[in-house]
Amino acid sequence: MAIKNISIIGMGALGILFGQHLTEKMGRESVCFVANDRRIQKYESGKVHCNGKLCDFRMVSDQHKGDSADLVIFAVKSTALVEALDTAKHQIGENTIIISLLNGISSEEIIGARYGMERIIRCVALGMDAVKIGSDLTYTKMGQLCVGILPDESDKSDKLDMLCKLFDEVDLPYTNEEDILHRLWSKFMLNVGVNQAVMVYEGTYATIQQPGEAREVMIGAMREVMKLAKYEGVVLTEEDLMAYVDLMDTLSPDGMPSMRQDGLANRKSEVELFSGTVLKLAEKHGIELPVNEMLYRRILNMEKGKVIQSGFFDVSESNLDYVLSELMAHPDHEDKIISSILQYEIEKSYSVDAKIKIIKCFDQIVPNSILKKEMTKFVRSNANHPNSKVRKEARSFLNK
């Protein structure tokens with residue numbers, strides 16, 4: 001058996017990067033992105049570019065019940081993994097191989113609990129400097145995928161061989177790891193350091209490539225993961241740490257890790273995946289890890305007032321001006337922002353001034369929006385509002 005068709009869940013930086021490479025090498029009919037109908041409509045109404053080249057991805061509805069995929073690739077953020085498991089349900093069959101490109105050390109177990117660990121080949125995405133702004137992805141280093149199985153998973157050797165054969169055929173850089181658990185923890189150590197340091201110091205890779213406080217904080221957080229790993233039965237060394245620091249120093253200074261990209265886009269970050277996980281394990285083993293405690297606290301404070309835990313935006317009236325400006329500047333976030341506004345209106349109802357601001361904003365974005373019906377319904381509900389200013393704005397909107 002060979003891998004002939006691939007389904008990708010998630011069109012973030014890594015989804016686009018590897019999706020574009022695989023589509024070019026295997027052909028459009030062999031690779032697809034699976035998503036709900038709203039996301040498909042959003043993709044089809046816009047344009048996605050990879051290093052300036054227009055992507056022509058094949059999209060498949062998560063409700064489509066066709067043949068299962070030979071390979072399913074999860075390329076979402078950890079905050080979207082639960083939803084992604086449902087998205088993939090019609091893609092996974094008896095012989096499907098699954099790999100996860102997620103950061104951290106837990107996604108394989110989460111996916112395996114739903115679809116069976118026998119389908120999982122552990123994977124680490126390493127060394128890429130991809131940056132996704134809106135629908136445009138740029139990168140100078142593609143990096144590689146490190147894949148492998150645990151010592152007690154010899155029954156998955158055939159699946160691993162099939163995966164490596166595919167990577168050879170499509171010229172995708174990879175390493176077949178003898179100790180994949182060591183690699184997973186090494187990458188986790190790197191993410192805990194670089195992602196959080198660049199986030200807190202609001203910079204780029206250049207911020208941690210030069211001597212200074214940010215670089216020291218990054219290394220300090222990584223050393224705490226080294227300490228924690230021993231309690232979990234994994235040995236990380238100073239040589240491992242410095243090898244990853246050296247790797248960071250080769251990346252484009254203008255690039256940035258995914259957490260910083262989330263911060264700039266006002267998305268909920270993966271802080272729980274990084275220092276959140278570190279601190280939970282530290283509590284389990286009765287140890288203190290002050291650098292990660294500091295990073296965890298500071299990142300939560302940075303997010304406070306902008307994004308709530310569900311990943312939706314805080315659209316309370318005290319934050320409304322900020323949120324509406326984000327909606328105008330970043331229309332790719334409109335589904336979450338508008339959905340949050342509509343839900344807030346149902347639960348609490350906005351004041352007169354807030355309603356006017358929202359209607360004026362909706363009036364500017366509705367022509368190009370995939371949420372026309374939802375916005376129009378909100379406006380129509382205010383067409384007979386007791387306040388004359390609200391009525392005027394609503395009726396002006398509806399009469400266009």
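Overview of values
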quantity	calculated
Percent of Cα-Cα distances greater than 33 Å, calculated over the chain	37 percent
Sum of -39500 (n - 2.57) over DSSP H runs of 4+, divided by residues of the chain (222 nm, nearest 500)	-15000 deg cm²/dmol
Ranked THR96, THR175, criterion: other C-beta atoms within 10 Å, fewest first	THR175, THR96
For region 168-245, size of Cβ-based charge dipole, Lys and Arg +1, Asp and Glu -1, in debye	420 debye
Rounded, prolate or oblate (a/c below 1.5 giving rounded, otherwise prolate when a/b exceeds b/c) for region 51-202 by Cα gyration tensor	rounded
Placed amide H near ILE97: partners under 5 Å, 5+ positions off or other chain	LEU71, VAL72
Estimated FRET transfer efficiency (ASP254, GLU347; beta-carbon r; R0 35 Å; 0.05)	0.25
Placed amide H near VAL48: partners under 5 Å, 5+ positions off or other chain	CYS55
Selection from ILE73, VAL124, THR96, by position along the positive dipole direction of region 54-125 (Cβ)	VAL124
Net length gained if the chain between LYS25 and ASN5 were fully extended (0.36 nm per residue, minus Cα distance)	6.0 nm
³J(HN,Hα), Karplus 6.51/-1.76/1.60, whole Hz, each residue of region 10-26, x for Gly, Pro	x, 10, x, 4, 6, x, 5, 4, 6, x, 5, 4, 5, 5, 5, 7, 9
Whole-Hz couplings from phi, Karplus 6.51/-1.76/1.60, listed for region 129-144; x for Gly and Pro	10, 5, 10, 10, 10, x, 10, 10, 10, 10, 7, 10, 10, 6, x, 7
Residue exposure sequence - ARG114, ARG39 - by fewest surrounding Cβ within 10 Å	ARG114, ARG39
Beta bridges by DSSP in the chain, antiparallel share as percent, to the nearest 5	35 percent
Choice from GLY19, GLY66, GLY143 showing the highest fluctuation, given a GNM over the chain with Cα pairs closer than 10 Å	GLY66
Between region 87-141 and region 156-221, the Cα center-to-center distance that results, in Å	14 Å
Positive minus negative residues near LYS389 (Lys, Arg vs Asp, Glu; Cβ under 15 Å)	+3
Cα-only Debye scattering, region 1-52: base-10 log of I(q)/I(0) at q = 0.16, 0.17, 0.22 Å⁻¹	-0.48, -0.54, -0.88
Between 0 and 90°, nearest 10: helix 180-200 axis offset from the chain longest Cα axis	40 degrees
Computed magnitude of the charge dipole of region 5-97 (debye, nearest 20; Cβ of K, R +1, Cβ of D, E -1)	340 debye
Residue among TYR296, TYR244, TYR231 with the largest mean-square fluctuation in a Gaussian network model of the chain, springs linking Cα atoms under 10 Å	TYR231
Net charge dipole size for the chain [Lys, Arg +1 and Asp, Glu -1 on Cβ; Debye, nearest 20]	2180 debye
Built amide H within the under 5 Å cut-off of ILE133, gap 5+	THR138
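Read-outs: derived from the displayed coordinates by stated rules, not from any lab. Since the structure is predicted, the reported quantities are computational estimates derived from the model, not experimental observations. All Cβ positions, glycine included, derive from the backbone under ideal geometry; neighbour counts span all protein chains shown.
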